[in-house]
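*Asks:* Let me give you the structure first, and then I'll get to my questions.
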Amino acid sequence: METILQGKADAIKMAIVTLLGRGHLLIEDIPGVGKTTLASALAKSTDCTFRRIQFTSDLLPTDILGVSIFNQETRDFEFRQGPVFSNIVLADEINRTNPKTQSALLEAMSEKKVSVERHTFMLPDPFMVIATQNPMEYHGTFPLPESQLDRFMLHITIGYPALEYERKAILGKTSFVLLDDLSPVVSHQEIVRMQAEVEKVFTDDSVVAYLMKIVTGTRTHPSVRLGASTRGAQFFLSAVRAHAYYEGRDYISPDDVKALAPLVLGHRIILRTRMTVAEAELVVRDIVESLPVPV
């Protein structure tokens with residue numbers, strides 16, 4: 001992946017951590033800095049099925065989930081699966097469609113299944129949604145509902161590349177040409193195996209208590225109107241385990257908790273004044289710094 005997105009090791013790392021932790025990833029940044037490229041590179045580096053959904057203002061829930069079509073030969077309705085039935089789904093510019101269509105992903109992201117016309121269909125394993133969105137200041141965007149935001153394990157930004165890497169990007173091949181040459185380096189069976197190993201990462205009670213104090217701090221901080229949910233705490237622990245596994249350890253440490261706290265909790269809390277996610281992440285960092293670290 002780093003051959004495609006040079007100088008963005010942190011963003012690549014967090015994308016892989018999210019996949020290993022059985023989570024979903026939200027990437028927010030201005031157009032043209034590599035949000036879609038990151039998602040495509042992750043999919044191309046595996047042998048998982050991959051579908052891209054371009055979210056537009058006229059997108060319908062059936063365009064995501066699928067639709068039942070009447071078969072003239074069998075005289076019965078047949079369900080035609082939508083693009084959500086893939087291992088990795090790219091929801092490109094998710095905040096360009098209305099909240100009704102956005103909500104079509106809620107059940108899929110939470111329970112890994114889809115209910116259509118009183119029938120339930122299971123999604124493949126592994127299953128991951130990578131959503132990209134432009135900042136709210138951009139024209140033609142809709143805010144993501146809190147219930148939607150809460151289903152994303154991590155929220156990250158990519159930012160402008162360093163000058164040396166941007167120069168290489170300008171003079172070299174485009175990212176989409178480079179993506180065509182990318183080959184899978186891991187199978188989806190290996191990903192499922194690694195996800196199972198992540199769940200076995202040792203978790204000391206003192207570190208769990210430290211994690212919960214941070215979560216509780218988001219609910220009592222004077223700047224916060226609505227703190228992190230229980231789902232957020234669950235995702236927090238899963239992400240921390242995946243981060244430790246990525247670093248080659250079979251146990252989590254307080255450093256894993258400190259590194260992931262802003263990225264897991266920043267987009268979940270609602271501040272008393274209207275602020276950006278970046279400012280919410282600063283509040284989370286303030287909470288982390290105010291707590292004693294377990295030894």
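The values are calculated or read from the model by the stated rules, or taken from the named source; none is laboratory data. Worth saying up front: this structure is predicted, and the values here are computed from it rather than measured. Here the Cβ is made from the backbone with ideal geometry for all residues, glycine too, and neighbour counts use every protein chain on show.
Rundown of residues vs (1) over 18 Å from the mean Cα position of the chain (by Cα); (2) surrounded by 21 or more Cβ atoms within 10 Å (Cβ to Cβ); (3) charged (D, E, K, R); (4) farther than 24 Å from Arg22 by Cα, yes/no style:
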residue: Met122; (1), (2), (3), (4): yes, no, no, no
residue: Pro145; (1), (2), (3), (4): no, no, no, no
residue: Leu149; (1), (2), (3), (4): no, no, no, no
residue: Leu163; (1), (2), (3), (4): yes, no, no, yes
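*Asks:* Something else now. Name the residue, out of Thr120, Thr132, that is within 22 Å of Val277 (Cβ to Cβ), touching a strand residue (DSSP E or B) at 6+ places or on another chain (Cβ under 9 Å) and among the β-branched types (Val, Ile, Thr).
*Replies:* Just one listed residue meets the conditions, Thr132.
*Asks:* Here's another thing I want to ask about it. Against the conditions (1) at pLDDT below 95; (2) closer than 19 Å to Met153 by Cβ; (3) in a helix (DSSP H, G or I); (4) touching a Leu at 6+ places or on another chain (Cβ under 8 Å), where does Val264 fall short? Just the number, please.
*Replies:* For Val264, the exception is condition (1).
*Asks:* Restricting attention to the range 46-82, and to residues there that are hydroxyl-bearing (Ser, Thr, Tyr) and surrounded by fewer than 19 Cβ atoms within 10 Å (Cβ to Cβ), which single residue is nearest to the chain's Cα centre (by Cα)?
*Replies:* Checked the range 46-82; the qualifying residue nearest to the chain's Cα centre (by Cα) is Thr49.
*Asks:* Output the residue which, of all residues in the range 226-246 that are in contact with a Ser or Thr (Cβ under 9 Å, 6 or more places away or on another chain) and of a type outside the set (A, V, I, L, M, F, W, C), is modelled with the highest pLDDT.
*Replies:* Arg241
*Asks:* If you don't mind, there's one more thing I want to ask. Take the range 194-237 and flag every residue that is assigned to a helix (DSSP H, G or I), touching a residue at least 40 places away in the same chain (Cβ under 8 Å) and of a type in the set (A, V, I, L, M).
*Replies:* If the condition is that a residue be assigned to a helix (DSSP H, G or I), touching a residue at least 40 places away in the same chain (Cβ under 8 Å) and of a type in the set (A, V, I, L, M), then Met194, Val198, Val207, Ala209, Leu211, Ile214, Val215 are the ones that fit.
*Asks:* Taking Ala242 as the residue in question, decide whether it is closer than 26 Å to Ile269 by Cβ, surrounded by 17 or more Cβ atoms within 10 Å (Cβ to Cβ) and of a type in the set (A, V, I, L, M, F, W, C).
*Replies:* yes
*Asks:* Looking at the range 194-203, is at least one residue under 23 Å from Glu289 (Cβ atoms), modelled with pLDDT of 95 or more and charged (D, E, K, R)?
*Replies:* The answer is no; no qualifying residue exists.
*Asks:* Within the range 249-290, work out how many residues are among the hydrophobic types (A, V, I, L, M, F, W, C), out of contact with any strand residue (DSSP E or B) (no Cβ under 8 Å at 6 or more places or on another chain) and crowded, with 16+ Cβ neighbours inside 10 Å.
*Replies:* 7
*Asks:* Taking Leu154 as the residue in question, decide whether it is farther than 16 Å from Ile27 by Cα, among the hydrophobic types (A, V, I, L, M, F, W, C) and within 15 Å of the chain's Cα centre (by Cα).
*Replies:* no
*Asks:* Which pairs do you get when a residue that is free of Cβ contacts under 8 Å to residues at least 60 places away in the same chain and over 25 Å from Gln148 (Cβ atoms), found in the range 242-271, comes within reach of a residue that is in a loop (DSSP other than H, G, I, E, B) and not β-branched (Val, Ile, Thr), reach meaning Cβ atoms under 6 angstrom, with the pair 6+ apart or on two chains?
*Replies:* From the range 242-271, the pairs are Pro254/Pro294.
*Asks:* Under the condition of being at pLDDT 90 or above and touching a Lys or Arg at 6+ places or on another chain (Cβ under 8 Å), which residue from the range 107-120 is surrounded by the most Cβ atoms within 10 Å (Cβ to Cβ)?
*Replies:* Met109
*Asks:* Please find, within the range 267-293, the residue that is modelled with the lowest pLDDT out of those that are of a type in the set (Gly, Ala, Ser) and over 15 Å from Leu226 (Cα atoms).
*Replies:* Here the answer is Ala278.
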